[in-house]
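The values are calculated or read from the model by the stated rules, or taken from the named source; none is laboratory data. Predicted model, so just to flag it, every value in this text is computed and none were measured. Using ideal geometry, Cβ is built from the backbone for each residue, glycine included, and neighbour counts are taken over all protein chains shown.
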Amino acid sequence: MNTYLCFDFGGTFIKYAVIAEDESVLVQDKFPTVCDDHETFMANIRRVYEEYPDVKGIGISMAGVVDTDTGFAYTGGAITCLAQRNIVSEISALCGGLPVSIENDAKAAAYAELSSGALKDCRNGVVIVIGTALGGTVIADRKILRGKNLFAGELSYVYYNNEAMMDRKFGELPRKHDKEGTGLFTDRCTPKRICQLYSALSGEQVDVTDCPVVFERAGMGDEHALWSIRSVARDLAMLAFNLQCVVDPDVIAIGGGISSDPMFIQFVKEEIREFADHIVPGAPIPEVTVCKYGSSANLIGAFYSHRDRFFGNF
């Protein structure tokens, strides 16, 4: 049975899996991402390939604006060393000339969920992938919407508000109650934000890799942890409501590692209900669900995308 090596290039970790043509996952692991050193990044990819030299192809999921037809990455998200490079041709040359495919990470997750996951019975939907940044995909009539500039669904660039920009432009004093960075939703809806809030409230410095600890403490009733998680859930609920108004999807599926925590998803649903209570009666309430493949959605989607590009159905 043929096997395929799939990568999910995340800003914190690179996940990889060996997936057989019958869709079974034979191997799955991860290692820390080197974001700013291209040579080291590629050496790590080569090292994984050398462990599984019999694979028949390589599928890649990564953040940023990517051209699936040419393999060119215009941006690389947090992985700055991948921007403005043809990732497909580089990795193919590095790995014995194997066929290589590439897909935006959130769109890869959508591939998986459309094929056999949370959106398999939906006509229109949205996928939100929460990781180092915020990824998104809009699905219209069971097709992934890419847009003129391959930019459709790039939720990392959607503004939460413009106060930070106004401060820079007009020189007002920074607001002491909040640090909103660029004023983008990606600054509000990620594990990094949870850790920032918890650090500020508790006085204990926690890194994004410690986010599971914050959830563990929330489960034990830690008020600082609970407030930090709920704050991020509230902002994600706001984004979901905005998307419902613009796209009106059947379902909004949430993926990424944080989606595996039932407390977080429950908080999002509760906060959506809070928004609904303050909106004009008759406004549709977003139906939120969890990506079937959770934090593995990008990897599974990279496999489906590679299959469809090179083989149709195996």
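Name the residue, out of ASP141, ASP167, that is assigned by TED's automatic domain parsing to the domain that holds PHE264, over 19 Å from the mean Cα position of the chain (by Cα) and modelled with pLDDT of 90 or more.
Numbers: ASP167 fails: modelled with pLDDT of 90 or more.
Of ASP141, ASP167, the one residue that is assigned by TED's automatic domain parsing to the domain that holds PHE264, over 19 Å from the mean Cα position of the chain (by Cα) and modelled with pLDDT of 90 or more is ASP141.
In the range 107-121, what residues are touching a residue at least 60 places away in the same chain (Cβ under 8 Å) and under 25 Å from THR186 (Cβ atoms)?
So in the range 107-121, the residues touching a residue at least 60 places away in the same chain (Cβ under 8 Å) come out as 107-113, 115-119.
LYS107, ALA108, ALA109, ALA110, TYR111, ALA112, GLU113, GLY117, ALA118, LEU119, listed by residue number.
Name the single residue that is surrounded by the fewest Cβ atoms within 10 Å (Cβ to Cβ) among those in the range 198-217 being among the hydrophobic types (A, V, I, L, M, F, W, C) and under 28 Å from PHE31 (Cβ atoms).
Pass one, the range 198-217, residues among the hydrophobic types (A, V, I, L, M, F, W, C): 200-201, 206, 208, 211, 213-215.
Subsequent filtering for residues that are under 28 Å from PHE31 (Cβ atoms) retains 206, 208, 211, 213-215.
Numbers: VAL206: 19, VAL208: 17, CYS211: 23, VAL213: 15, VAL214: 25, PHE215: 21.
It comes out as VAL213.
Among LEU226, LEU150, LEU173, which is among the hydrophobic types (A, V, I, L, M, F, W, C), farther than 27 Å from PRO284 by Cβ and modelled with pLDDT of 95 or more? Give the steps one after another, and end with the answer.
Numbers: LEU150 fails: modelled with pLDDT of 95 or more; LEU173 fails: modelled with pLDDT of 95 or more.
Result: LEU226 is the single residue among LEU226, LEU150, LEU173 that is among the hydrophobic types (A, V, I, L, M, F, W, C), farther than 27 Å from PRO284 by Cβ and modelled with pLDDT of 95 or more.
Does ALA276 satisfy the condition of being of a type outside the set (Val, Ile, Thr), farther than 15 Å from ALA110 by Cα, loosely packed, with under 15 Cβ neighbours inside 10 Å and in contact with a Phe, Trp or Tyr (Cβ under 9 Å, 6 or more places away or on another chain)?
Numbers: of a type outside the set (Val, Ile, Thr): yes; farther than 15 Å from ALA110 by Cα: yes; loosely packed, with under 15 Cβ neighbours inside 10 Å: no; in contact with a Phe, Trp or Tyr (Cβ under 9 Å, 6 or more places away or on another chain): yes.
Judged against the criteria, ALA276 is not a match.
Go over the candidates SER295, SER305 one by one and state the one that is buried (at least 18 other Cβ atoms within 10 Å of the Cβ), closer than 26 Å to MET62 by Cα and modelled with pLDDT under 90.
Details: SER305 fails: modelled with pLDDT under 90.
Just a single option satisfies the conditions, and that option is SER295.
Looking for something among the hydroxyl-bearing types (Ser, Thr, Tyr), surrounded by 16 or more Cβ atoms within 10 Å (Cβ to Cβ), assigned by TED's automatic domain parsing to the domain that holds CYS95 and in contact with a Pro (Cβ under 9 Å, 6 or more places away or on another chain) - is there at least one such residue anywhere in the range 28-35? Can you show your working first?
Taking the range 28-35 and keeping what is among the hydroxyl-bearing types (Ser, Thr, Tyr), we get 33.
Filter once more, keeping what is surrounded by 16 or more Cβ atoms within 10 Å (Cβ to Cβ): 33.
Still in the list and also assigned by TED's automatic domain parsing to the domain that holds CYS95: 33.
This time we only want the ones that are in contact with a Pro (Cβ under 9 Å, 6 or more places away or on another chain), so: none.
Among the residues of the range 28-35, not one is among the hydroxyl-bearing types (Ser, Thr, Tyr), surrounded by 16 or more Cβ atoms within 10 Å (Cβ to Cβ), assigned by TED's automatic domain parsing to the domain that holds CYS95 and in contact with a Pro (Cβ under 9 Å, 6 or more places away or on another chain), which makes the answer no.
Would you be able to say whether some residue in the range 121-131 is in a loop (DSSP other than H, G, I, E, B), at pLDDT below 95 and β-branched (Val, Ile, Thr)?
Taking every residue of the range 121-131 in turn, none turns out to be in a loop (DSSP other than H, G, I, E, B), at pLDDT below 95 and β-branched (Val, Ile, Thr).
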